[in-house]
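A.B. asks: Quick one: the structure is below, questions incoming.
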Amino acid sequence: MLRHFTASLLVLFAAGAHAAPTANDLRLTITPVVSGLAEPTAAAFLADGDFLILEKSAGKVRRVTNGVPNPTAVLDLAVEGADERGLLGIALHPDFVTHPYVYLFYNPSNDVGDTQTGLSGYNNVVDRFTWHASGNGGAGSLTPNMNILTVHSDVSYHNGGSISFGPDGKLYGVIGDGGHNDLATNGQLQNNATGAPDDTGIVFRLNDDGTNPSDNPFAAIPGMEKVFAYGIRNSFGITWDPEKKYLWETENGEDDYDEVNRIPAGMDGGWADIMGPTAVSPTGDDNLFVAGGSAYSNPEFSWETVVAPTGIAFGGSVLGDFKNDLFVGDYNKGFLYRFTLDGTRKRLSLTGDLSDLVFDDMDEGGSLVLAEGFGGISDLETGPDGALYVVSFGNGDVHKITGETTEPPEQDLALSQVKVPKKISLSQAKPVVLKDLKLTLVNQGLINETIDETEVAGLVSIDWTSLPVPNLLCPAPGTVLAPPELGFPIVLEPGKKLSLSYTVTWNCANDDAASSKTEDHADFEVEVTIDRSVLGGGSDTDLSDDVCPRPASGDDKGCGGKDANGDIGGPIRTDIVVK
């Protein structure tokens, strides 16, 4: 049973440590950054080439500048460093220039088995520190500012420890289950309905001062005010999709089924009843504890045998063909895995034997291993320079990964622009209203693309998602292709564009949420996807990008959609108003 993150350390690294990692793809370049660190667990960038890194058992925060670690520690904390305890997680305030705060997740050395609490064991603590860039031999320093979170732990493992600020400016982090894996010790947050919430086995979400946000999914449930998701066994890594802003996490299984999860608000991860997808679980999700607004979610990927996934990050701007792909590192094997995402970016693109979401063996999933030999990965970070940084706990070093972009594929038909009617006036006397949705395809490949009339309907799909607007009685709109008067077959030369018009049928009896034409609110989110395979023949290596909306960068140049803030990318939204 893989309970202890560091228990395997002596076995794994007794021999052969510090061997140079190797890439299994020639498009990748791996460069050493710094070595000689003592059990590094996590890093956070102050600027390009300048980062803070944690040393677990020593309790030291070190500063590395241009590959050189300052000999003087930025901070020296008294921690309990045995087993999985110690200095575990770091995050910088999202407005670091104005609020120079550094947040640390650690286990202080003071045993809490005293008359105050009557409890044995130690605490999981998140504290806020103030950063001072000068002084201290050039290293800078951290001084205590305030306590953000304290949660008791009575075992030495499954503390969690990964923390990160989300795109919403809130602090997210993982507290492991604390060894709660049976009916005698677990509570509601480990899916035992007879227990009580105890802030273990969760992803928490807090304001930057440690208070509970009023819009948390369980804000109204006593004992669950800080909980964003529950049913989490233990995690050493969380990250955010730069395109869709979804939260992703790695999770350690027990004897089997380590996981990669996308975590929406209110998710129940299934622990301690379910690890891995329900298809391989001896129990279904019928017996899970259901908090108001919660929903069980299968993992997006899992390993049948334990690998201890840890760091997780998305490829940055200098990863070439791997930009915005998802990377996961593991501790047991020192492998770096790479996943592509589907058009919605809610799922991983897994085919063949991996379509069951399970990595059974190397014969089945070896193609996912992009690099190896890192000697036990503890963290992955995307730096300000757009490179991927790999922190090795066992080797005590950090490596930087960059990538190359291949030549454009011969066949690459992509979405160039989507225009949705931003406001649609509906009358109760005339509930069916027809409006056009227009989109533009562009041939970014090197050869002509031929589109027949019979192929157009299957080529493009339009997904409408109704937002939770009060009193909105509109069903999701239907879409039909406008009459084919474009003169098929259409031959698109490289660089040429094709405009298509779709008819949208809105069937709304009423919309009390909008009382005037001027009221601005979003009732629907729209996604448009190309199924390139309907054209047949050849191969398109850019399938993951053939979806709108997405940022105005990369091969497909964006889609021309604007989100609620007027920024290119983000959900394309349409608003319903009544006249």
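A.B. asks: What number of residues within the stretch 35-80 satisfy the criterion of being free of Cβ contacts under 8 Å to residues at least 40 places away in the same chain and either out of contact with any Asp or Glu (no Cβ under 8 Å at 6 or more places or on another chain) or outside the structural domain of Ala313 (by TED's automatic domain parsing) (or both)?
C.D. replies: 8
A.B. asks: Could you pull out the residue among Val328, Val358, Val318 that is within 24 Å of Ala229 (Cβ to Cβ) and either surrounded by fewer than 21 Cβ atoms within 10 Å (Cβ to Cβ) or touching an Asp or Glu at 6+ places or on another chain (Cβ under 7 Å) (or both)? Step through it out loud before you land on a result.
C.D. replies: Working: Val328 fails: either surrounded by fewer than 21 Cβ atoms within 10 Å (Cβ to Cβ) or touching an Asp or Glu at 6+ places or on another chain (Cβ under 7 Å) (or both); Val318 fails: within 24 Å of Ala229 (Cβ to Cβ).
Only one candidate passes the filter, namely Val358.
A.B. asks: OK, next. Looking at Ala272, is it assigned by TED's automatic domain parsing to the domain that holds Leu357 and at pLDDT below 95? If you could, list the steps in order and put the result at the bottom.
C.D. replies: On the way: assigned by TED's automatic domain parsing to the domain that holds Leu357: yes; at pLDDT below 95: yes.
Yes; evaluated as a whole, the condition is true for this residue.
A.B. asks: Could you check how many residues of the stretch 388-427 are in contact with a Gly (Cβ under 8 Å, 6 or more places away or on another chain) and at pLDDT 90 or above?
C.D. replies: Final tally of qualifying residues: 14.
A.B. asks: Within the stretch 26-37, does at least one residue satisfy the condition of being modelled with pLDDT under 95, over 28 Å from Ser156 (Cβ atoms), out of contact with any Gly (no Cβ under 9 Å at 6 or more places or on another chain) and surrounded by fewer than 20 Cβ atoms within 10 Å (Cβ to Cβ)?
C.D. replies: Yes, that holds for at least one residue.
A.B. asks: Please enumerate the residues belonging to the stretch 222-268 that are of a type in the set (Lys, Arg) and within 14 Å of Val203 (Cα to Cα).
C.D. replies: Lys226, Arg233, Arg262
A.B. asks: Also, I was wondering about something else. Can you list the strands (runs of 3 or more DSSP E) lying wholly within the stretch 240-352 that have 2 or more residues being aliphatic (A, V, I, L, M) and in contact (Cβ under 8 Å) with a residue 12 or more places away in the chain?
C.D. replies: It comes to 309-314, 326-330.
A.B. asks: Name the single residue that is modelled with the lowest pLDDT among those in the stretch 138-163 being surrounded by 23 or more Cβ atoms within 10 Å (Cβ to Cβ) and hydroxyl-bearing (Ser, Thr, Tyr).
C.D. replies: Of everything passing the filter in the stretch 138-163, Ser153 is modelled with the lowest pLDDT.
The values are calculated or read from the model by the stated rules, or taken from the named source; none is laboratory data. Every value quoted in this text rests on a predicted model; they were computed, and no experiment measured them. Backbone-built Cβ (ideal geometry, glycine too); neighbour counts: all protein chains shown.
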